[in-house]
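This structure is in structure tokens; I'll ask about it shortly.
The values are calculated or read from the model by the stated rules, or taken from the named source; none is laboratory data. Everything numeric here is computed off the predicted structure, so don't read it as measured data. As a convention, Cβ positions derive from the backbone with ideal geometry for all residues, glycine included, and neighbour counts pool all protein chains shown. The accessibility values were calculated without ligands, DNA or RNA, using every heavy atom of the protein model including side chains. Shrake-Rupley method; radii C 1.70, N 1.55, O 1.52, S 1.80 Å.
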Amino acid sequence: HDLFDWLTRLYLRCPARLLPILAGDINARVGLVCTQGRWQTPESSSIGPCGAEKEKAQGQLLRSFCDKPGLAAINTWQTSGSGTSFWNSQGRATSRPSYIVVPQAKQHQFTNCTVRKNLGYRIQCSKSALQIDHSPLQADMPEWTLDYTKEEEFLGWNYDTLYSALMT
């Protein structure tokens, strides 16, 4: 819970010209919410319908984190990226704990989100014939150029402010 509070505070302090991208093993299952005894996909602009799993507490925190500032977990919106990204010690696909989170306004510009199963097998620490552990997610993102007005003058980074934001 503290992690998502910290990430929200950090995100809200980011300058508008920054494109925040959160990628990581968040250990969350999202997509299906139990309502009146039935598991269903809720309407959401932050979590998509692809690869839906029964939402648990960590998934609820991820959904809430994305909903507040208008973020989206892009691999829940693209079928190719919505697959299992974790295999247990017996080599069974068990869950999708990894996510790539970006601003909703930019999510359509990220394409080809994919679970890289072959790469996961090649980089796993254990020498096993089975794939175990995580497989990385990959997404293509476009190149952006920032449009600054001529009146704006770039004064440099305020490292004290950046450090303060990261440490709180």
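With a/c under 1.5 counting as rounded, go ahead and sort the range 30-128 into rounded, prolate or oblate using the C-alpha gyration tensor (a ≥ b ≥ c being the square roots of the eigenvalues; past the cut-off, prolate if a/b is larger than b/c, else oblate).
Oblate, because a/c is 1.5 or more while a/b does not exceed b/c.
Still on this structure, I have one more. When only Cα pairs under 8 Å and 6 or more residues apart are kept, what is the percent relative contact order across the range 71-147?
Result for the range 71-147 is 34 percent.
Could you point to the residue in 108, 49, 85 farthest towards the positive end of the range 29-110's charge dipole, with +1 and -1 charges on the Cβ of Lys/Arg and Asp/Glu respectively?
The Cα lying farthest towards the positive end belongs to 85.
Taking every DSSP beta bridge that has both residues in the chain, what percent is antiparallel when rounded to the nearest 5?
85
Moving to a separate point now. Quick query: amide H of residue 113 versus all other amide H atoms, modeled in the peptide plane; which residues come in under 5 Å with a sequence gap of 5 or more or a different chain?
140
Carbon and sulfur together cover what percent of the accessible area of the range 56-133 at a 1.4 Å probe radius?
The value for the range 56-133 is 51 percent carbon and sulfur by accessible area.
If I fit a long axis through the Cα atoms of helix 57-67 and take the longest principal axis of the Cα atoms of the chain, what angle between them do I get, 0 to 90°, rounded to 10?
Between helix and principal axis, roughly 30 degrees.
When only C-alpha pairs under 8 Å and at least 6 residues apart count, what is the relative contact order of the chain, in percent?
After rounding, I find 20 percent.
Given a 1.4 angstrom probe, what's the average accessible area per residue across the chain, in square angstrom?
Solvent-accessible surface per residue comes out at 64 Å².
Another question, then. Summing -39500 (n - 2.57) over the DSSP H runs of n ≥ 4 in the chain and dividing by its residue number, what mean residue ellipticity at 222 nm do you reach, to the nearest 500 deg cm²/dmol?
-7000 deg cm²/dmol
Which of these, 78, 90, 58, has the largest mean-square fluctuation under a Gaussian network model of the chain (Cα springs below 10 Å)?
Comparing 78, 90, 58 in the GNM, the peak value goes to 90.
Next question. Dipole magnitude of the chain about its Cα centre, charges +1 at Lys/Arg Cβ and -1 at Asp/Glu Cβ only, in debye to the nearest 20?
It works out to roughly 820 debye.
Hey, another quick one. Between residue 45 and residue 93, what FRET efficiency comes out of the Förster formula 1/(1 + (r/R0)^6) with R0 = 25 Å and r the beta carbon distance, rounded to 0.05?
Approximately 0.35, to the nearest 0.05.
Here's a follow-up. Could you give the angle, 0 to 90 degrees to the nearest 10, between helix 2-13's Cα long axis and the longest principal axis of the Cα atoms of the chain?
Its long axis makes an angle of about 30 degrees.
Now, a different point. Connecting C-alpha atoms closer than 10 Å in a GNM of the chain, tell me which of 43, 55, 143 has the biggest fluctuation.
Top of the fluctuation ranking is 143.
Still on this structure, please answer the following. Which of 16, 72, 28 ends up with the largest GNM mean-square fluctuation for the chain, with Cα atoms connected below 10 Å?
Checking each option, the largest mean-square fluctuation is seen for 16.
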